[in-house]
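Structure, as structure tokens:
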Amino acid sequence: MSRLCEGRVCVVTGAARGIGRAYAEALVAEGASVVINDVDADAVDLAVEGLRALGGEARGHIEDVSTAAGAAGLIDAALDEWGRIDAVINNAGITRDRMLVNLSESDWDDVIQVHLKSSFLVTQRAAQHWRKLSKSGEGTDARVVNTVSSVGLYGHAGQSNYGAAKGAIASFTITAAMELARYGITVNAICPTALTSMTADVLADSEDARLGLLDARWVAPAVVWLVSEKSADVTGRVFVASGRRLAVAEGWHRGPTGRAVGDPSEVDGVIRPLLAAAVRHADEQGDIPAGDTGKELVEELARRFSTGDMQGAMALFHPDFRIEQPPTLPHGGWHVGQAGMAEMGAAFGRHWSRTIENPRIFGDGETVVQVTTQTWTATATGRSATVDVVELFGFADGRISEIRVFQRDTHLLLSLLGASP
Ligand SMILES: NC(=O)c1ccc[n+]([C@@H]2O[C@H](COP(=O)([O-])OP(=O)(O)OC[C@H]3O[C@@H](n4cnc5c(N)ncnc54)[C@H](O)[C@@H]3O)[C@@H](O)[C@H]2O)c1
């Protein structure tokens, strides 16, 4: 079987240890030749020796990639050694964590320089090379893989410098992808989680570390795929990878929108309902918090159902969730837990398909009612009816624990199943 990156030449910054080293090992195992860049000369030598011992093609490059000379030297190293370059992986990084009020100017500058400036410099240098190839008529199928962080996408107190750098790299990724597509270059980013020297203080004692889910090898397969020819049609994306999950991070988009306002005294009145309707920022895991009140939970449930996010919707239910349907319907009665829900869904699906529209959600605290307009179509007869369905919600441990469904139109719905109304 041919390997995913056979013949591809990659440079990986900050690859002497940690996640970058795991990338280099995985890339070499898939047939790539790799330049291991880092500022730590001894660690680079060890990493290169290790890769060669595995039968891989590797060479070292010991320079600071946040300088123009270092970035240029890195691209030249690949060209000198193998006469080509197919991918750059901007991975080098440092942290200088402090609360914003205590952050020194140099802690700010150093972090922005190592993450953001190096990503720009290395990408630009490689892109200039690929643009030349593309203009000379040679086909290019090149890759840039940047590195962001949950801190940059979702925020984390004490890391404003690091978060700003990583958030900027996510934005840089999107714009660079737009600019470079014409030269056959894709630009994507990876948002990893792994136990490394950078994260040992916070992750070493975690449950995920004990379970082996924080091994950097869990992050590498997505990067191998991004480097390979298989991902040629994918650009401008941010991927989340760890031993817990592989996911696509979704970006900013315009949310609830109101009329234009020219008078400052009117802003509050227009903006408050928009804020209430807006999706919350994701938490540190990237999940959108369901909300503190029952009403917010039900609103979030309706939103997830309407966007087809079934897995996200199910996550809002308590493990001991139960639902009561009108007893006269074929799927009527109480259904308990995930298994009960599945049985209920199967019983429903034997008779009907349904569309749900216009959720209206009322109440506060622990009393929440949702009214939806539902169109039920009987599978056997193809006949439909539109009815209002009223659901009363109960809550436990911050999740939805109970739904009681009230429908006064059950006779109408049952009549759809038979030959005559
Ligand atoms: N470990 C995680 O959970 C995690 C989470 C999100 C993002 N990241 C990012 O992943 C990347 C790799 O992190 P890691 O956890 O493997 O960290 P690490 O500290 O183990 O490795 C980073 C490497 O970058 C090198 N480096 C630093 N400055 C450099 C420079 N100017 N030029 C060249 N090399 C330089 C370091 O010497 C080090 O070997 C970083 O960009 C980091 O911000 C890591």
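Pairs needed: first member in the range 141-163, more than 14 Å from the ligand (Cβ to nearest atom); second member anywhere, among the hydrophobic types (A, V, I, L, M, F, W, C) and in a loop (DSSP other than H, G, I, E, B); C-beta distance under 6 Å; at least 6 residues apart or different chains.
Correct list of pairs: D141/A232; G158/M99.
Within the range 252-267, is there a residue that is under 24 Å from I400 (Cβ atoms) and surrounded by 12 or more Cβ atoms within 10 Å (Cβ to Cβ)?
Yes; the residues of the range 252-267 include at least one that is under 24 Å from I400 (Cβ atoms) and surrounded by 12 or more Cβ atoms within 10 Å (Cβ to Cβ).
Among the residues of the range 48-72, which ones are within 11 Å of the ligand (Cβ to nearest atom), surrounded by 21 or more Cβ atoms within 10 Å (Cβ to Cβ) and either acidic (D, E) or under 12 Å from V12 (Cα atoms) (or both)?
H61, V65, A71
In the range 197-209, is there at least one residue being more than 11 Å from the ligand (Cβ to nearest atom), of a type outside the set (D, E) and farther than 22 Å from G18 by Cβ?
Checked the range 197-209: no residue is more than 11 Å from the ligand (Cβ to nearest atom), of a type outside the set (D, E) and farther than 22 Å from G18 by Cβ.
On the given criteria, is C10 under 26 Å from the mean Cα position of the chain (by Cα) and part of a loop (DSSP other than H, G, I, E, B)?
no
What are the residues in the range 325-341 that are free of Cβ contacts under 8 Å to residues at least 12 places away in the same chain and within 33 Å of the chain's Cα centre (by Cα), if any?
A339, the sole residue that qualifies.
Step by step: first the residues of the range 79-104, then only those that are β-branched (V, I, T) and within 11 Å of the ligand (Cβ to nearest atom), then the one that is nearest to S134 (Cα to Cα). Which residue is that?
Only one residue fits best here, namely I89.
Give me a count of the residues in the range 226-268 that are over 18 Å from T193 (Cβ atoms), in contact with a Leu (Cβ under 9 Å, 6 or more places away or on another chain) and either in contact (Cβ under 8 Å) with a residue 40 or more places away in the chain or assigned to a helix (DSSP H, G or I) (or both).
Total satisfying the criteria: 7.
Considering each residue of the range 173-195, count those that are outside any strand (DSSP E or B), among the hydroxyl-bearing types (S, T, Y) and either more than 22 Å from W225 (Cα to Cα) or in contact with a Ser or Thr (Cβ under 7 Å, 6 or more places away or on another chain) (or both), and give that number.
Number satisfying all stated conditions: 2.
Given the options S197, S206, name the one that is among the hydroxyl-bearing types (S, T, Y) and over 20 Å from R245 (Cα atoms).
S197
For the range 269-324, enumerate the residues that are part of a helix (DSSP H, G or I) and in contact (Cβ under 8 Å) with a residue 60 or more places away in the chain.
G294, K295, L297, V298, E299, L301, A302, listed by residue number.
Can you find a residue in the range 105-125 that is aromatic (F, W, Y), free of Cβ contacts under 8 Å to residues at least 60 places away in the same chain and away from the ligand (no atom under 16 Å from the Cβ)?
no
Identify, from the list G93, G163, the residue that is outside any helix (DSSP H, G or I), at negative phi, surrounded by 18 or more Cβ atoms within 10 Å (Cβ to Cβ) and touching a His at 6+ places or on another chain (Cβ under 7 Å).
One residue alone meets the criteria, G93.
What's the number of the condition G50 fails, among (1) within 20 Å of T193 (Cα to Cα); (2) assigned to a helix (DSSP H, G or I)?
(1)
Would you confirm whether or not the range 278-297 contains a residue that is surrounded by 11 or more Cβ atoms within 10 Å (Cβ to Cβ) and on the phi > 0 side of the Ramachandran plot?
Yes - at least one qualifying residue is present in the range 278-297.
Here, each number is a calculation from the coordinates, and none is a lab measurement. None of these values were measured; they are calculated from a predicted model. Heads up, the Cβs are rebuilt from the backbone with ideal geometry, glycines too, and the neighbour counts pull from every protein chain shown.
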